[in-house]
Amino acid sequence: MHLLEVNNVTKRFGGITALKNVSLYIDSGEKIAIIGPNGSGKTTLFNVINGVYIPEDGRIIYMGRDITKLSAHERAKLGIARAFQITRPFPGLSVRENVMIGALFGTLSEKINTREALKIADEMLKLVGLYNKRDELAIKLTGPERKLLELARALAMKPKILLLDEIVAGMPPAKVDEIVDLVKNVAERENIAVGVMVEHVIRAVIRFAERVYVLDRGEIVLSGKVEDVMRNPKLREIYLGTRFKGGV
Amino acid sequence: MSSSQTSGKIFTPLTITLIIIMLVIGFVGGYYASAVSRPSAPAITYTYSVPYTSVATQTLYIERTIYQTLLTSPPATTPTTPKPTTPPPTLPSEIVIGMAVPLTGSQGEVGTAGFNGIKAAIKWVNERYGGVHLFGKTIPLRLVYYDDESSKDKVVQYTERLITVDKVHFLLSSYSSPLVFAQAPIAEKYNMLLINWGGASDLIHLQGYKMIVMVWTPASLYMTQAIDALLSVKKDPKIVLIYKDDEFNRMVAGGVRNYSKKLGLQIVYDKAYPTDIKDFTPYLTSIAPLKADALIVGSHFADGQLLTRQLADQEIDFGFIAMNIAPCYTDYYKAFGNLAEGIICPSHWEVGASYTPEIASKLGVEWFGPTEEEFVALYREIVKDPTARPPYHAASGAAAVLILVKAIEKAQSLDPMAVRKVLGEMHLITFFGEYKIDPVTGIQIAHKMILVQWQKGNLVVVWPPEVAKSKLVFPIPTWAEKKAGKQATP
Amino acid sequence: MDPGLIIFLFLQGLVLGSIYGIVAVGLSLIFGIARIINLSHGALIMWGAYTALTFFVGYNLSPLGSLFIAIVVGLSLGASIFYLVLRRLIGAHELTTLLATFALSIFLEEIARLNYGLDYRGFSWSLGVVKIFDYRLTYSSILAGVIALSTVIILTLFLYKTRIGSALRGVAQDPVGAYICGIDVNKIYALGIGIGFGLAMMSGVIITMYNPTGINPYLGAPYLLKSFVIVVLGGLGSIIGAYVGGIIFGLAEVVLFPLYDYLHFHSPMSMTLFTEFVILLILLLIRPYGLFRR
Amino acid sequence: MIKGKIIDHTSLIIMIFSYIIIWMLKTSFPEYSQMLTLLLYYIAIAQAYNIFLGMTGYVDFGYVSYFGLGLYGMALGVSYASQNNLSSSEAIILGMILSVILAGSVAGVVGGIALRLRGAFFAIATIGLSQALRYLIEGAKIWGGAEGIIIAKDLRKLFGEEGFSYATIILPDTGIFILAVATGIIMYLIRISRLGYGLLAIKEDEDAAKVFGVNTTLYKFVAFIISAVLTSLVGSMWTLKVTAIYPPESFNITFSVEFIVIVMLGGGGTVLGPLIGASIYSLSKYYLGVYLPGLQLTVFSIILLLIVLLFRQGIVGELRSFLYKHEIVRKIIR
C-alpha cells in the first residue's frame, strides 16, 4: 500500500481545468519530484493534496484512508506538511513562534504543550541554521532565510509527507546543495516522504529525487525514474514548446 | 479570498443545533420574559384625583394614574430630619449647584436650552434678588456643570464627581428620562437632592426614590389638554395617534390612550414609529383613507419636521394637528414658513403664558422669581441674541433653580433632607407656573400644560382659556390653502 | 388594496431606494479603491445637507446648484485628507484606517456643531407635486431619485470607459501592479477618496431634496448605518451593487410596511427594518460576498 | 497551568498589579470611585473584545449586541425574580445565567454564519445583527419593547430599602472589578496557550494557518464565544448601575466603535493593550470633559488622530515591535 495515492483527480476553476485526471503516488520515506513549466498546475496539485482545494473529481487516499473531503487542518494533523512557494511566515510573530506554531498544530499537536513545542522549535531552528535569529520578527528575515523558516516550520510539524514548493528557487547553487542535503538527511532520519516541486532548478531534482512526475497543462505527461525521464525528448519539448509560445 | 471555498460548510451540526437553541430561547424565552417583565399596566391601575386650583378662580381636577405596583411596593418614607434651629457655625461663601447636562450628542439642543435657562435664573438670583437669604445673610449661587454628551456612562461619572469632588450642595438633573434614570441611584446613594427638570417620564418617580423632585408636568399628561381643547370645538372626534417609540413619547401616547378611553373617544389609528425614521409615507398612506379629524403626534425634532413635510406633500388634512416639541421651536417656522400655520404644540410654558404675581396673590399662593419679561431679557443676555425666544425647556430649568432657592430659604438649611421635606410641602407660583409635588413620589401635580398654536407667524397661547391669548383655530387651513398663503386666523 | 396605492408605493419605494443607493455608493467606492471603511461617511452626508441649507438660506441657491458645490468641496476635502492623513496609513491594517476615519467623523461633527449649533434646521424648497391616483409625489423627490440614478450611471461610465477610470479600477485590483504599469498610485488614491467624499456630500444634498428638514450635526449616523448594510447586500466595493441594494431596501420598506400594519404590530416600521436585516442575514448565508461580487 | 520562570509572566504580574492599584485608589479616594469603575468597565470590555478582535484581527461592528444581550439578561432575571419572590442572590445569578445563555447562543448563530467572511466583509456584515435585535425587540414588543425594562423598583424590592445602594453601586462595581481581573487573566492564559498561538496564526495569515494544522473555523468560533460571553457578563453588571435599559441605547453601534477604538488604541492582541487603551481613552475623555466642557470631543478627535498616525499598531503593539530586539521588552510587554 502506498502512503499517499492521488487517483484521477480533476480540479476546475470556473471554465479552466487546472488538473485533469491526475494520478500519482508516494511511498513511505520516498522522495519524488514534480516538475513542469509555469502554469502547468503544480501548485494546484499541492493545494489539492493538502486540502486547500477540494477536487471536483477523483479521490485522495492517505494511509489507506480516503481524505478527499478532509479540510487542510485535519490533513496537517495526519502528517501532511507543506512549505509555500511564495513564503508565508506569520509576519508579526517571532521566528521561534512561527516554528512553534508548526509544532503545536502538527502531528504531535494533542501530545505536547507549549513548552515542549518551544523545544522542538529550537531544535528545528538549529537544524536549518536560524537559531541565532530566533527572536527576530519573521517579517525582518531576508528572502532565503524565509525559505529556511518555511522549511523549519514544516519540519516542526513532524510530518509523514513533506510537500516542498519551489523551496530552492532563487538561491545560489551552493545553498541549494546545502538545503537539499539537509532535507535529505532529515527525511531519512525521520522517515519522511518528500514531494518536491520544481520548475527550473532541475539540478536539485537530480541530486534528490527517486522518481519524477512531469506535469503539463494539468496532466501528468511523463513519470518514472529520474534518469529515464531526463533522457526523454518529450520533456525538452514541453519546456521549449511553452517557451516558444511566449508564455513566461 | 480565493481559498475560502473549503470553509464553506454552512450547516454543520454545530450551527444547526445553535440556531435551533437560539430560536427556541428567542421565542419561548422572549414571550415568557415579555409577559413577566412588562409593568402590570392598565388592568389594575388606580386613579385618584388631586384637587387643583387653576390660575383662574375655578377649581379643576387633575387625573393621576398611579400604577398598582407602586402602591404595593414598600412605601417610600418622607425624610424627616428635624429642621436645624440654630445657624451652623460657618456658612459657606457660596451655594454650589451641580449639573451634568447634555451639551452635545442627541439631547444636545434641548440640554443647551435648559442650561441657558438655568444660567439666566442663577443670574437673576445673584444679581437682582441678591442671593439666597440664609440666616440673615445673602449667599450667591454658583453653578458647576459638565457636558455628559447625552451618554449614560458620562452622566454616572460626572454625577458622582459633582457630589464628591466638587462637593455641590444640590443637584439639578440631566435632560431626558434615560439619563435621569442612570444618575438617580448615585444621587440617592449620597442622599443628594436631585431637582428633575428634564426627565418627564412618570416612571422615574415610581421607583421609590426619595430625593428626586419633579418640576414640570409628567409625560402622561402632555397631551390631555390637547384632547380637552379638541373636545371644545368638535364633538366625538376621530383621532389618529402616532408616536415615536421612546420612553417619553410612549408615556405621552399612553396618557392620550387612557384619557380618551375614559372620555369614550375613538382612536382610529394608534401606531409607533422607530426613533430614526426616514420616511413616513407608509404611515401616511394608511392614515389618509381614515378621514380622521385630529392628528396627535408624539414626536421630537427631526421626526416632527419630517412628518410635517410629508403631510404637506401628501396634502393629508386634519382640522387639528398637535405635535410634541418640534413646533415649539422657532426653527420649525423657519423651516416651513406658512405651512406651519395652525400646528399646535403642547408646552409647559411659552412666552405669553402670563403667570404674574397678581394671579399668585389672587390665588393666595406665594410668588417667587423674576417676571416673564425679566426672564426673557436675562435669557437673551445669556445667549447674546436680542431676539431669542426661550423655549419651555429653558423655563423649566430656570424654574428648577427658583424652586430650589425658595425651598432653601424656607428650610433655612443646606441639608438636602430638610430641603426635600420643605419641597414636599411647598406650594409656589413662578413665571413657569405652579409648583406642588406629591410629597412621597415627588411627581409634579400642580403644574399644567398649555397649548400653543402657530397663528400668523407667531406662537400664541390658545389653551387653557384662562391664560389664552387668542382663540383656538379650528379647523386649521388645509395644506393647499396654506400653500396658497392662507394663515390661521382666529 | 387599491391599485393606485400599489403603484404609488412602488414609485415611492424606488425614489427612496434610489436615495439609499446613492448614499451607499460613496462608501462602497472608497472601500473598493483604497480598502478603507470610511466611518466619516455619515459626517460628510451631514455636511452636504448643511451645504444645501447654507446656500439656500444665504444665497437663495436651489439644492441643484449646491450639488456641484458639494461635489467640488468633497473632492478637494477628500484629496487633502488623503494627503494629510490617510496616505500614511495605506497598507496598514484595515482597523487603523477605521480609527482614523472615526476620529475624522467626530472632528467633522464637532466643527458643524460649533458652527451651526445643535438646532434642527430646515428650509422649504418646493417644485410642486405630481398626482398619482389619490396620492402625491413631490417633483423634488423624483428629481432626487433621478439625479441619484444618473450619478450612478455617469460614475459607472467613468469607471469603465475612461482612462482615469481604468486606472482607478487597476489600483483597486492590484496597487503594486498598477504602480509597475506606471500609474501614480497616490494620485489615484487621492482621486478615488476625493470622489467618494464628493459622492457622500452630494448625497447629503440629495437627501435635502427629498426631505429639506431635520438638518442637524448628527444627521448622518443613521444613513451611515443603513448604507453599511446596503453595501454588504450589494457586495462591498461594487457601485452597481450598492445602488441595487439601496433599491431593494427602499422597496422592502414600502412593501413590508402595509403587511405589518395590517397584522397590527405595535410599531410596523420597526418590524419592517427588522425584516430587512433578516433578509440580509439570509442572503449572507447564500452569497457570503453580496449580490454583485463573486 | 502556568509554569516556567517568573520573568516570563511579567506582563501578567504587571496587569494584576495595575488592577490592585486601581482598586486601592478606588477604596482610598471614594470621590473618584465611579470614574475608576468606568475605567475598569472599559478595561473589562476591551479585554474581552481583545480575545476576539485583538487575537484574530476580525472586527465585529455588531459586538455591542452581546453587551446589549447582557443588559437584557440581567434585567429580565431581576424582574422575573422580583415578581416570583426569589431571593436577591438568586436574582443576580439568574440574571447572569440568562445573560450568558442569550449572548452565547446569539454569538453561536452569528459566528456560524458570519465567521466564514473575512476582513471588512465580516466587519460590516455583523452590523446588521445589533440593529436586527433592536428592531425585533421594538417591533414585536418582546421584552417590554421600546418601553425598555426598568428595574430600580425591583432591585428595591429584592434588596430592601437599605440594600438599594449596595445593589446599584457596590455590587456592580465589585462585579466589574472581578470581571476586569478575570478577563485579563483569561486573555493572558489564552495568549500563552495553544489556542492563543492558533488565533495569532489566524490573524497573521489565515490560509497558511490552516495548512499548518490550525482548525481555523473552530478556533475563531471558540474565541468569538468566549469573548461574547465575557462581554455579556460585563453588560449584566452594567444593568444594575443604570437601572433602566432601552433597546436603541442597548444596541447602539457607537459602543461597538468605541470598544474597537479602545482595543486598537492599546494594541490588539497584546495583554497590556486594553489596559493602556482604556486608560487613555477613558481618562482623557473624562478630564477633557471636566476642563473643556463643550469642546472635549473636538480636542479628543485630534488626539485620537495623532495617536493613530504615530502608533499604527496601537501603543503597546508599536512599542513591542519597535523594541522587539531587547529580550527584556519581549518578556515584559506582551
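Please give, to one decimal in nm, the separation of the simple spin-label points placed at D:Val299 and D:Leu25, each 7 Å out from Cα toward the Cβ. So the two model labels end up 1.8 nm from each other.
How big is the gap, in Å, between the Cα center of the range C:206-231 and the Cα center of the range D:131-181? If we compute the Cα centre of each part, the gap is 32 Å.
DSSP beta bridges confined to the range A:162-229 are antiparallel in about 60 percent of cases.
Between B:Tyr269 and C:Lys131, the FRET efficiency estimated from the beta carbon spacing at R0 = 25 angstrom works out to 0.60. Chain C and chain B together bury an accessible surface of about 3400 square angstrom, both sides counted, with a 1.4 Å probe and no ligands or nucleic acids included.
Between the alpha-carbon centres of the range B:313-370 and the range C:1-65 there is a gap of 34 Å.
Checking every one of the chymotrypsin sites (Phe, Trp or Tyr not before Pro) in the range B:127-179 against DSSP loop status and a limit of 13 other Cβ atoms within 10 Å picks out B:Phe135. Selection among C:Leu9, C:Phe123, C:Leu27 by position relative to the dipole of chain C gives C:Leu27 as farthest towards the positive end (Cβ unit charges, Cα centre). Averaged over its residues, the range C:168-294 has an accessible area of 34 Å² per residue, based on protein heavy atoms and a 1.4 Å probe. Per the Kirkwood formula applied to alpha carbons, the range C:37-84 shows a radius of gyration over Rh ratio, Rg over Rh, of 1.03.
Computed with a 1.4 Å probe over protein heavy atoms only, the accessible area of D:Phe17 comes to about 130 Å².
Summarised as an ellipsoid, chain D has semi-axes of 32, 24, 20 Å, derived from the eigenvalues of the Cα gyration tensor scaled by 5 and square-rooted, with the largest first.
Using a 1.4 angstrom probe on protein heavy atoms only, the contact between C and D buries about 4000 square angstrom of accessible area, both sides summed. For the protein assembly as shown, C:Cys181 stand unpaired, since no other cysteine beta carbon lies under 4.7 Å from theirs. With no solvent and one point per C-alpha, what does the Debye sum give as log10 I(q)/I(0) for the protein assembly as shown at q = 0.04, 0.06 Å⁻¹? Calculated log10 I(q)/I(0) at the listed q: -0.27, -0.59.
Classify the range C:3-286: rounded, prolate or oblate, from the alpha-carbon gyration tensor (a ≥ b ≥ c, eigenvalue square roots; a/c under 1.5 rounded; otherwise prolate if a/b is larger than b/c)? Cα axes put the range C:3-286 in the prolate bin. Solvent-accessible surface (1.4 Å probe) assigned to C:Tyr135 amounts to roughly 20 Å². What does the C-alpha gyration tensor say about the overall shape of the range B:341-389? Classify as rounded when a/c is under 1.5, otherwise prolate if a/b is larger than b/c, or oblate. Verdict is oblate for the range B:341-389. Screening chain A for DSSP H helices whose Cα atoms reach 15 Å or more along their own axis and whose mean Kyte hydropathy is at least 0.5 gives A:95-105. Think of it as helices only: each DSSP H run of n ≥ 4 in chain D is worth -39500 (n - 2.57), and spread over all residues that comes to -24500 deg cm²/dmol at 222 nm. Mean-square fluctuations from a GNM of chain D, with a 10 angstrom spring cutoff on Cα atoms, peak among D:Gly294, D:Gly95, D:Gly77 at D:Gly294. If R0 is 45 Å, the Cβ-Cβ spacing of C:Thr162 and D:Ile178 corresponds to a FRET efficiency of close to 0.15. Taking every DSSP beta bridge that has both ends in the range B:82-175, the antiparallel portion is near 25%. Ignoring ligands, DNA and RNA, please state the percent of accessible area on the protein assembly as shown from carbon and sulfur, probe 1.4 Å. Carbon and sulfur: 62 percent of the exposed surface of the protein assembly as shown.
Top mean-square fluctuation among D:Ser11, D:Ser256, D:Ser301, Gaussian network model of chain D, C-alpha springs under 10 Å? Ranking D:Ser11, D:Ser256, D:Ser301 by mean-square fluctuation puts D:Ser301 first. In the assembled protein chains, D:Tyr166 presents an accessible area of approximately 100 Å² (probe radius 1.4 Å).
Residue separation of A:Ala174 and A:Asp135 scaled by 0.36 nm, minus their Cα-Cα distance, works out to 11.4 nm of gained length. What is the range D:1-157 by shape, rounded, prolate or oblate, if you read a ≥ b ≥ c off the alpha carbon gyration tensor as root eigenvalues and call it rounded for a/c under 1.5, prolate for a/b larger than b/c, and oblate otherwise? Oblate, since a/c reaches 1.5 and b/c is not below a/b.
Using the alpha-carbon atoms, what tilt in degrees (0 to 90, nearest 10) does helix D:273-291 show relative to the longest principal axis of chain D? So the inclination is approximately 60 degrees. Within the protein assembly as shown, DSSP assigns beta bridges of which about 50% are antiparallel (rounded to the nearest 5). Between the alpha-carbon centres of the range D:239-255 and the range B:154-216 there is a gap of 18 Å.
The lysines whose alpha-carbon is closer than 27 Å to the alpha-carbon of A:Lys69, local same-chain residues fewer than 8 away aside, are A:Lys11, A:Lys20, A:Lys31, A:Lys42, A:Lys77, A:Lys111, A:Lys158, A:Lys160, B:Lys9, D:Lys203, D:Lys210, D:Lys220. Across q = 0.10 Å⁻¹, chain A modelled as identical point scatterers on its alpha-carbon atoms has Debye log10 I(q)/I(0) values of -0.47, in the order of the q list. The Kirkwood hydrodynamic radius of the range C:117-259, based on inverse pair distances between different Cα atoms, is 17.6 Å. With all protein chains kept in place, the per residue accessible area of chain D amounts to 28 square angstrom at a probe of 1.4 angstrom. Between D and B, buried accessible area from a 1.4 angstrom probe totals roughly 5500 Å², ignoring ligands, DNA and RNA.
Largest GNM mean-square fluctuation among D:Leu230, D:Leu12, D:Leu117, using chain D with Cα springs under 10 Å: D:Leu117. Across chain A, the mean sequence separation of Cα contacts (distance under 8 Å, 6 or more residues apart), normalised by length, yields a relative contact order of 26 percent. With 5 Å bins beginning at zero, the pair-distance distribution over Cα atoms of the range C:191-287 amounts to 3, 11, 17, 22, 19, 16, 8, 3, 1, 0 %.
Quick one: putting +1 on the C-beta of Lys and Arg, -1 on the C-beta of Asp and Glu, what dipole do you get for the range C:3-286 around its Cα centre, in Debye to the nearest 20?
560
The sum of -39500 (n - 2.57) across all DSSP H runs of n ≥ 4, divided by the residue count of chain C, sets its helix-only mean residue ellipticity at 222 nm to -26000 deg cm²/dmol. Heavy-atom accessible area, probed at 1.4 angstrom with all protein chains present, ranks C:Asp174, B:Asp147 as C:Asp174, B:Asp147, highest first.
Shown is the FRET efficiency for A:His2 and D:Ser89, computed with R0 = 56 Å from the Cβ-Cβ distance and rounded to the nearest 0.05: 0.30.
The values are calculated or read from the model by the stated rules, or taken from the named source; none is laboratory data. Given the structure is predicted, the values throughout are model-derived calculations rather than measurements. Glycine gets a Cβ as well: all are built from the backbone with ideal geometry, and neighbour counts include every protein chain shown. Just so you know, the surface numbers come from the protein's heavy atoms only, side chains and all, with ligands and any DNA or RNA stripped out. Shrake-Rupley method; radii C 1.70, N 1.55, O 1.52, S 1.80 Å.
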